[in-house]
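A.B. asks: Here it is, the structure, as structure tokens.
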Amino acid sequence: MVEFRRKKDEKDDPELCSVKGCQEPLKRSMSGKAVAKAVPDMKFKVKDPKKVRLCKEHYKEYKKATKEERKLQRMSWSK
């Protein structure tokens, strides 16, 4: 069986942010669908990622976009 190995480039680096043009270190890893839904203008290095790695700045942007949704979800817990 023949193995094909890809060169390690910025798309494959597990220690960097997955947002196109960002070279910052990883802070959080989360679902690609959730991030794409919350922040549709965010472009990733790979097309339709299952998991995305976000740096501190992009994670902050994601948290701001989902603030209201998280607040409503927490309110439902207090029943």
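A.B. asks: Restricting the search to region 31-79, which residues are within 16 Å of Glu15 (Cα to Cα) and of a type in the set (Val, Ile, Thr)?
C.D. replies: Within region 31-79, Val46, Val52 qualify.
A.B. asks: Oh, and also: Between a residue in region 26-44 that is more than 8 Å from Tyr62 (Cβ to Cβ) and in contact (Cβ under 8 Å) with a residue 24 or more places away in the chain and any residue that is among the charged types (D, E, K, R) and buried (at least 16 other Cβ atoms within 10 Å of the Cβ), which pairs come within a Cβ distance under 8 Å, given they are 6 or more apart or on different chains?
C.D. replies: Close Cβ pairs (under 8 Å, with a partner that is among the charged types (D, E, K, R) and buried (at least 16 other Cβ atoms within 10 Å of the Cβ)) amount to Leu26/Arg53; Arg28/Arg53; Ser29/Arg53.
A.B. asks: Please work out which residue is surrounded by the most Cβ atoms within 10 Å (Cβ to Cβ), limiting yourself to region 19-78 and to residues that are part of a helix (DSSP H, G or I), hydrophobic (A, V, I, L, M, F, W, C) and under 12 Å from the mean Cα position of the chain (by Cα). Spell out how you get there, then give the answer.
C.D. replies: To start, the set of residues in region 19-78 that are part of a helix (DSSP H, G or I) comprises 32-38, 56-65, 67-77.
Of the ones still in play, those that are also hydrophobic (A, V, I, L, M, F, W, C) are 34-36, 38, 65, 72, 75, 77.
With the extra rule that they be under 12 Å from the mean Cα position of the chain (by Cα), the set shrinks to 34-36, 38.
Details: Ala34: 12, Val35: 25, Ala36: 16, Ala38: 17.
In this case the residue turns out to be Val35.
Throughout, read-outs are computed from the coordinates displayed, never taken from laboratory work. Computed from a predicted model, the values in this text were never measured in an experiment. Note that each Cβ is placed from the backbone with ideal geometry, even for glycine, and that neighbours are counted across all protein chains shown.
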